[in-house]
Structure formats: structure tokens, C-alpha cells
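K.L.:
Below are the C-alpha cells for one structure; questions will follow.
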């Protein structure tokens, strides 16, 4: 039986022996499939999870090779050709089939569930006791949990990067581990092992400082160990951390435990099965509640990240208190920003320097006035070994001036003996007397504290507390030159450091940057998001919701509207959405700004944003479906009515709001998006316009009131923008839908208009190589017949013929295609409309893109330019000039190419014509390679790859794969070439037949034996009806010679001989150099060495005149190798 372990580096074991899974990438494949829990994972998703953005072009072939090796490792005894039973192929992907019970993560989950069931005999797991007869079950739970936790070996799925699924599963496993650790502590406390568990609990409180349960269990263990004062100090520290980091009070169970420890409630002490109290050392007396004698500050769980300027300021400020007299300071910031963490760092540094550090915390429930100062003075006395008489002063009226004077004198005397640092935390929660005392001490620093070394630092949560009471304190500190620090979110580099320290360096930079943006750099939010894999965990949601609940209802409504509108909201749009005046909105937002929830940005258009993205996420998550729909509809109407929609982000937001508004608003939504798409089209943002119209079409389908004619017209608008955006694959689907709508309307003219929509702008094939869309062909045949019989306008008849010819390109019916094109061109010429002529000529060029029509296409390209110039349409002019570049490449007129291509490409970029950019870039890259300009070739390839990501041109990926192979070939990058050869072998089944490309690459670089093994079907498609004909014929010559296949070489030679003097290319792409060089190889394979010599000399002459030095070198080297 196989066992799978993912709680650490992945491993598979059989009979206790670990199997060798091979390379790191193979281990990552196992890890990626293990994440699916036996479900099938599609190949594309598996590649993304294992390789991320670094997948090579040969990744599919590489993956298949790795799968084969893993199958042999997992099932070494599987018979040849027998189906795999462990790593199986299913639904176009792969699945890892190992029993769930044999997985360590499943066993950990089961252990937690079983232990939780066993520990149900412990009724109060905050104060675990040992009930009568429960010892066996609790001991069993301990054993179960110990065994399960021992399987944890490190970060789960360690081989994988940080995609959302991986992060979520890691967070789930970590939650299981924490749950198991917590249950184990509960069980051991129930068994009376309170002293033994303290080190473990201390580690957990440091690692998870905001987890209340660990603190309470620690306090309980301390109390049961006879350390009542330390137990109380632990709960006080928890309160301080929660208040500073989250702005919340401890939960009721924590407060109840605090009271129980103070009262020495029997439920706190451990009792054995007989119910007798434990022998924890009480020494026969009641424990006295006093501050701990050890005043060592608690060490934080990890070093402080960032805050270097603030640390330097505080260090210098503390040093001034020793050198220049007493100093006062004010540290402010929102909850979770790190005030307590910064004061911890200061306290540790001060303590190491011999400074007495005394901390007082304001706002403790039920505490008397001046309680923080009592904490401070008691702590100073405990550390100094003195027992001052403070009872009388604290017994008097806390607001009496004499009390303040007396306490200040005690503080002054203490600071004369040793340097003293007073940390007065959370002064926003302080009582009146405590604030008066603080102001009094600050004023006394300037008047009566000579010779003392005293530093007093007050911390305040921004926006909290009574401003009228706090103002005198901040004014006194400022009046006496005190220090003031207002903490903001962490900078990106500091945020990265914090995440690395808190959760390990497992998250990539992009993920951390996203989390930093969402958290606004707030350390608490950032760490919680990082620990939960970017999800909003329950504690984070509760904290944010608690803070929002303290705001007025009208403010919360305004924040909800802002959350729906987006991350960054124009003030006037928010007011309009809420139907408020500007001043009314400002009044509603005052409380939110004071609480640090939002921040304003002054600009030409005042804007506001959330201080933390998580606040917005929580607000959105709190909305029910109906309420969310209403808010999105209000936001969409506001944008539609009042925004000019000139910016991309406005139009994108409009679409998002209409989509989220739901079915009841679909009618208004799709009509609104029509206007947005029109504005995008005016800006020549065709890709954006196409996206908006596609979304409008989806909304229209939800609108029961729309008509078939409205459907048709919207789809035709979408076709137009998809055409100019170069989205030909998507355009084909849209045309099919438009034809269906037109036929439902029963209008032949509309059907024809839709069916021939692929014509305009078509300078690249509109179908995948070899594919004929027969339903559309049938619709166009009907349209041609109906238009001819009804004497329809010439333009419609000409376009219909060209559209049919283009659709028949791969039908191998060359006579029919030629007839349709010639007839359509004649109709267009006779009509005299330059637009019609430009469209028909360009479409005819594409329909007849064959080597034998080169002369005709050269004439047509020139005529297309003239028609486009007469029309004066920049888009038509650009497309027409692109055709002239294509003809020049095929003809070997590289001087014309170098003259025409750069300005045409620049015009295509300016107009956003993706198709033209793709054709021109695919043409330019191999020419750069053959001239020796590898940098230009690489830059062109990168731009072409970027264009490909934004377009959906059929066969373009194949063209770029071939172009990349040529660049690697001419530059001598053998590693890239090997990868390319595998890619062609793996992907040749789809589209362009390219299985011969891989073997050709291997032959070219001298790996002939390997080429023979992969060229299992030694044939090359030499169909003359397609644009790939001449390139294939030339490659057949080289393959035939290199692999000793004379018949193949002879076929290639016969096919290419008539085209000597031209460029060997696949249309305008994959330029290989003069045909003559390949003819030389074909002749040599036939044994005609003299003919081979003549072809080679012609090839060298042509290549030199064309400026292709690398091609010249290749021919010369080939002649030398074969001695001809």
C-alpha cells in the first residue's frame, strides 16, 4: 500500500520505504496532484501550478515525460501498455489515486476529530479538570495527538509556489496542526501536567500573540503552578495586546478567568479524579496579588520589521532623558499598527541598558482612578526593592492637586536613583485623573525634576478617546518640546520583511505586495492575511466588524456605498449614489476618518479610499445578495448618469456594477454598456470595446424584453470590435450567433451581412489550419444565391463571395476559391467604391494566399494601397501596407521590407490593430536573426508574445513557436532549440502540421539519430493550396538529405524548384532564407552534385544581396561538410 505525505516535502512510501520521485519538478507534479485529493487536474492547470510563469514552450512534452517517469516509480511492476492505477489520465488531465487514509494530512484531520470526541468528557476546556473515570479517554487523546503531530515535517506542499489554492490548503493544514496542539495542551492540563506544558504554551503565545485561547491556557497553567501573580500579568498583557493591535477588549471567558484567578476560585485549581485539590505550592497561605518581581520585558516572537526611523527617534529620545533631563513623548496610530510592538522594542533596549521600565495600562474594566499610575509606581518599587507608602495618596481624592503632587514626587525620587522609562499605554481609554496626572508630570519635568533621568511615553489609538480630555496632554507634551510619532503602514520592503519573519519566506513578492495593499501596511492585518493564505479568516473579520459596529449607522451606510463603488472613490460620485449633498456626506464620514477607516486625497476631483482593503472586503462580505444587488445597481446608475466614462477604469467599473446588479437590471445594463463600448471605440481601444460588448451581450441574454433584431445588432457591433482587436477566433463564434439571429428574423440580407463579417480586416487566416466551418459555408452559399437572385447591391454580393472564398481556404477547392475572388474583385472594381474595393482586395489576398499566386497578390497589394489611400481611412491604409510587406518578404525584396515594415508597424501600434502588429512582428523576427541582430530578434519576439496574449489569431501561436525556433537556431542557443523541437512534436496534432519541424531542427544541429527516433512518420505536407507549402517543400529537402530519405528530398525539390529566387517562408512568417539553398540540399540528396553547387552559389549571392550573413555562413558550412 502506498502512503502519501504532504506535511513537509512531499514523499510517497511503500511498506515504510520512501520511493525516489526523481527531480524537483517531478516532486512538484506529485505535490500539485496531491493537492487535488484524488480529483483530476487539467494539464493547463497542472502546468500553471508547477511551472508558474516559467513554463517553456516544450512544457507539454516535458510534462508527459515526467508523468511517464513518475508512473514507473509509483508502479514499477505495471505491465507494458497496462493502464496506470495510481497516476491516472482522466478528463484531459491527471489524477493521483492514493487512499485517503494513507495520507498524513487526512490522518492529522482524523486525529483532531477523534481527539475532540474523546475530550468531550472534559466539560470546560478553558479550565480542564479530570472527571471520574475519564483518564483512559484523555490519555488516548494524548497518544493520538502526539502521534499525529509527529508527522508534521515542515511547510506543507513545500515544492509548490504560492498560488491561491496552495496557500489555502497550507492554511488549512496549519489550522489542523494548531487545533491538534491546542487539544493536546487541554488534555495534558486535564491530566494535571500544568508545569510540564508551560514551555509549549509559552512558545504558542509568542507565535500567535492574538490567539486568546493560548493566553488563557498559559494563565491557567501558571495559576495551577502556584504563580498567581504571573497568571494575572499574562492576562493583563493579553488585554494590552488586543487593545493596541485590534482595538478590542478580551472576550467574556477571558475576563471571567481573570476574576476567578483573583478570587482563587476552586475551578482554577486542578482536581484529580477524587476531586481533591492538587498539590500546587500554596504553602498553606493565600497567595498575595502583587506585581511580579521580575520586570524583564517579554521578548516578542520575532524581530521588529522596519520602523528604523521610529526606533532611532525613540532611542535618541531615551538617551536625552539621561543626558539632558526628563523627556515626554506621544506615540499614536491606529489599532494594529504596531504601537505595542514598538514600545516592546524600546523596553527591551532600555532594560538591557539598566533602565527601570514601568508599564501602566489604561482602561482596565473595574479599575479605580489612577490605576495605571499605581501599576507604574508599584513596578518601580518592586524593581528597586523599596516599599514606599503610597496607600494614603491613592486613598485620597484622585483629582486632588495634592495627590498629583505627591505621586510626582515619588516618581521624581525614583528617577534620581536610576533611569526610569514609564510606558503609559492606551491613554485614549484613561480616566480623567490619570490624564490630569500625566499632564502634571509633563509640566513638572520643566520645573522641578532637575537631576532626574525620566522618560514618559504615552500611546494612543488614533481617533479613539475623548479629544477634549486628551488635548491638554498632547498640548503639554508639545509645549515642552516632547517627541511625537504618528505611525503609518509599513513600506513594501518592511512589509516583505515582516511576512518573512512571521510566516517564513514562503510567499512570493507579488503575493506579499498584494497583501500589503489590502492591509494598507497594517502589521496585524498583514500577518493575519499572510497566515491564512490571503483569505479573510474569522478572527480578522470579527475584529474589523467590531470596529465598524462602533460607527454611527449613517457612517456605516456611507462606507458600504463606498465599498461597492470601489477601492478609490470620487467624493461627488459617492454623494450622488447616496443622494446626499457634499457637506452631508462629509458629516457622515467624520467618524470614519477619525477611526482611521478611510483617508481623503485632495486633487482636482476630491477622492477617498479605504485605509485598508480588508475593511472594504469585510463590508462587502456583510451584504446579503439582495442588498448587494441594490447597491451595485445604484452605483451603476450613478456612473452612467454622472461620470463621463472617458477613462478605462470608469467603464470597467460600470460593467462590474451592472453584472453584479443581477437579472432584474440586465435590460438597463446592456444598454448602458453599449454607450461605454462606443466611447472605448472612439479611443481606438478595440480590445476594451470588444470586452464591454461581450459583457453587454451576456447581460442581454438575461433580459427577457430584448428582441432578435436588438440581439443581431449588438452582435454585429461586437464583431466589428473583435475584428479590429484581432480576436479572430472569438469573432468566428460571434458571427455564428449573429447568423443564427438573422435567420430567426428571416432576412437574407442580414444573414449575408453577418456571414461575411469576417472579410473586412482579414489579413490573417480566420480559421485554425485545416479547418473548414461548413455550417457558415452553407449559410454563405445560400446568401450568395439569394443575393444574386434578388439583384442585391453590388457591395453585398462582392463581400459575400469574398467571405465564402475565405471560409473555403482549407477546403482544397482552389478553382472555386479563385472563381469567387476574381468575380468579387470584378464587382468591386466596377462599383467604384474605394472602401468596398479595399475590403474585397484584402480579403481576396488572404483567400488566395498561395505561393503560385504571388504575382497576382503583388498587384493586388499595390491596388489595395491605392484604394485605401483614396478612401483616406488609416486602418485600411495600415492593413494594405501590411500586405505589401508580406509580398516583399515572400519575393525576397528585403530592401522594400526594411523600408516599409517599421513605419507600418508603428502605425499599427498607434491604431491598436493587433492583427497587423502580429503579421509584421512575425515577419521581422527571423530577418533580425539571419542578419545577426539577436537583441532585435529577442525584442521582437517578446513584443509578439505580448500581442499574442491580447489577441486570438488562429495559428499565431504555432507561427511564433516556429519563429522562436529560428531565432534560437541562428543564435546557436542549443538548449532552446532542443526545447522547441519537443514542443513541435507535442503540439503538432492541432492546427498547422508541424511535426516535421522538430526533426528538422535536430537535423540542422547535427542530432540526426534523435531526429530519426522522433520522425516516426517521415512525411511532410506539401499541399499547394496553403501558405505553408513553400516552407514545407524546402524543409523536406533538408530532412531528406539529413535522414537519408531520398524520396522525401525528391518530392521537396520538385515542389520548390519552380520558386528559386524567392524567400522560403510560410506566408510572411518563418522566413528561412533563399529557396535556392534548400534546392541545393535536394539536388545533393538525388546525387546531382553539380546542380547542388549551382543552387548553393545562387543562394549565397541572393543572401549577400539580401543582407543575411548567417544564412551565407550556413550554406558555406554545408558545402564544406558535404564537399560540393
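The values are calculated or read from the model by the stated rules, or taken from the named source; none is laboratory data. None of these values were measured; they are calculated from a predicted model. When we count neighbours, we look across all protein chains shown, and the Cβ atoms used for this are built from the backbone with ideal geometry, even at glycine.
K.L.:
For segment 689-733, give me each residue that is free of Cβ contacts under 8 Å to residues at least 24 places away in the same chain and assigned by TED's automatic domain parsing to the domain that holds residue 749.
P.N.:
733
K.L.:
A follow-up question, please. Being touching a residue at least 60 places away in the same chain (Cβ under 8 Å), touching a helix residue (DSSP H, G or I) at 6+ places or on another chain (Cβ under 7 Å) and surrounded by 19 or more Cβ atoms within 10 Å (Cβ to Cβ) is the requirement here; does residue 41 meet it?
P.N.:
When the stated conditions are applied, residue 41 does not pass them.
K.L.:
Still on this structure: Which one of 30, 12 is over 30 Å from residue 184 (Cα atoms), at pLDDT 90 or above, touching a strand residue (DSSP E or B) at 6+ places or on another chain (Cβ under 9 Å) and surrounded by 14 or more Cβ atoms within 10 Å (Cβ to Cβ)?
P.N.:
30
K.L.:
Just checking, does segment 1044-1055 include any residue being in contact (Cβ under 8 Å) with a residue 40 or more places away in the chain, within 24 Å of residue 972 (Cα to Cα) and in a helix (DSSP H, G or I)?
P.N.:
no
K.L.:
Determine if segment 235-245 includes at least one residue that is free of Cβ contacts under 8 Å to residues at least 60 places away in the same chain and not in a helix (DSSP H, G or I).
P.N.:
No - not one qualifying residue is present in segment 235-245.
K.L.:
Output the residues belonging to segment 316-348 that are over 25 Å from residue 301 (Cα atoms), assigned to a loop (DSSP other than H, G, I, E, B) and at pLDDT below 90.
P.N.:
Of everything in segment 316-348, those that are over 25 Å from residue 301 (Cα atoms), assigned to a loop (DSSP other than H, G, I, E, B) and at pLDDT below 90 turn out to be 324, 325.
K.L.:
Follow-up. Out of the helices (runs of 4 or more DSSP H) lying entirely within segment 769-874, which hold 1 or more residues that are closer than 22 Å to residue 732 by Cβ?
P.N.:
Answer list for segment 769-874: 774-789, 794-807, 814-831, 834-847.
K.L.:
Can you tell me which residues in segment 349-376 are in a helix (DSSP H, G or I), touching a residue at least 24 places away in the same chain (Cβ under 8 Å) and farther than 16 Å from residue 407 by Cα?
P.N.:
Scanning segment 349-376 gives 349, 350, 351.
K.L.:
Filter segment 91-123 down to the residues that are touching a strand residue (DSSP E or B) at 6+ places or on another chain (Cβ under 6 Å) and part of a helix (DSSP H, G or I), then identify the one that is surrounded by the most Cβ atoms within 10 Å (Cβ to Cβ).
P.N.:
By that ranking, first place goes to 104.
K.L.:
Ok, one more. Can you name every residue in segment 502-538 that is within 24 Å of residue 460 (Cα to Cα) and assigned to a loop (DSSP other than H, G, I, E, B)?
P.N.:
520, 521, 522
K.L.:
Hey, another quick one. In segment 569-599, what residues are assigned to a loop (DSSP other than H, G, I, E, B), surrounded by 22 or more Cβ atoms within 10 Å (Cβ to Cβ) and touching a helix residue (DSSP H, G or I) at 6+ places or on another chain (Cβ under 8 Å)?
P.N.:
If the condition is that a residue be assigned to a loop (DSSP other than H, G, I, E, B), surrounded by 22 or more Cβ atoms within 10 Å (Cβ to Cβ) and touching a helix residue (DSSP H, G or I) at 6+ places or on another chain (Cβ under 8 Å), then 595, 597 are the ones that fit.
K.L.:
Now, a different point. Checking the conditions here, which among 142, 166, 88 is assigned by TED's automatic domain parsing to the domain that holds residue 30 and either in contact with a strand residue (DSSP E or B) (Cβ under 8 Å, 6 or more places away or on another chain) or assigned to a helix (DSSP H, G or I) (or both)?
P.N.:
That would be 88, the only listed residue that is assigned by TED's automatic domain parsing to the domain that holds residue 30 and either in contact with a strand residue (DSSP E or B) (Cβ under 8 Å, 6 or more places away or on another chain) or assigned to a helix (DSSP H, G or I) (or both).
K.L.:
Looking at 87, 144, can you tell me which residue is surrounded by 14 or more Cβ atoms within 10 Å (Cβ to Cβ), over 16 Å from residue 185 (Cα atoms) and without any contact (Cβ under 8 Å) to a residue 60 or more places away in the chain?
P.N.:
Unique residue meeting the criteria: 87.
K.L.:
I need the full set of residues from segment 829-854 which are more than 48 Å from the chain's Cα centre (by Cα) and under 27 Å from residue 1062 (Cα atoms), in order please.
P.N.:
852, 853
K.L.:
Just the residues that are modelled with pLDDT of 85 or more and under 14 Å from residue 1045 (Cβ atoms), please, taken from segment 990-1001.
P.N.:
Passing the criteria: 999, 1000.
K.L.:
Please verify whether residue 609 is surrounded by fewer than 18 Cβ atoms within 10 Å (Cβ to Cβ), free of Cβ contacts under 8 Å to residues at least 60 places away in the same chain, under 30 Å from residue 664 (Cα atoms) and touching a strand residue (DSSP E or B) at 6+ places or on another chain (Cβ under 6 Å), treating the condition exactly as stated.
P.N.:
Considered against the rule, which asks whether it is surrounded by fewer than 18 Cβ atoms within 10 Å (Cβ to Cβ), free of Cβ contacts under 8 Å to residues at least 60 places away in the same chain, under 30 Å from residue 664 (Cα atoms) and touching a strand residue (DSSP E or B) at 6+ places or on another chain (Cβ under 6 Å), residue 609 comes out as yes.
K.L.:
Listed residues 130, 126, 198; which is farther than 26 Å from residue 515 by Cβ and either at pLDDT 90 or above or in a helix (DSSP H, G or I) (or both)?
P.N.:
198 is the lone residue from the list that is farther than 26 Å from residue 515 by Cβ and either at pLDDT 90 or above or in a helix (DSSP H, G or I) (or both).
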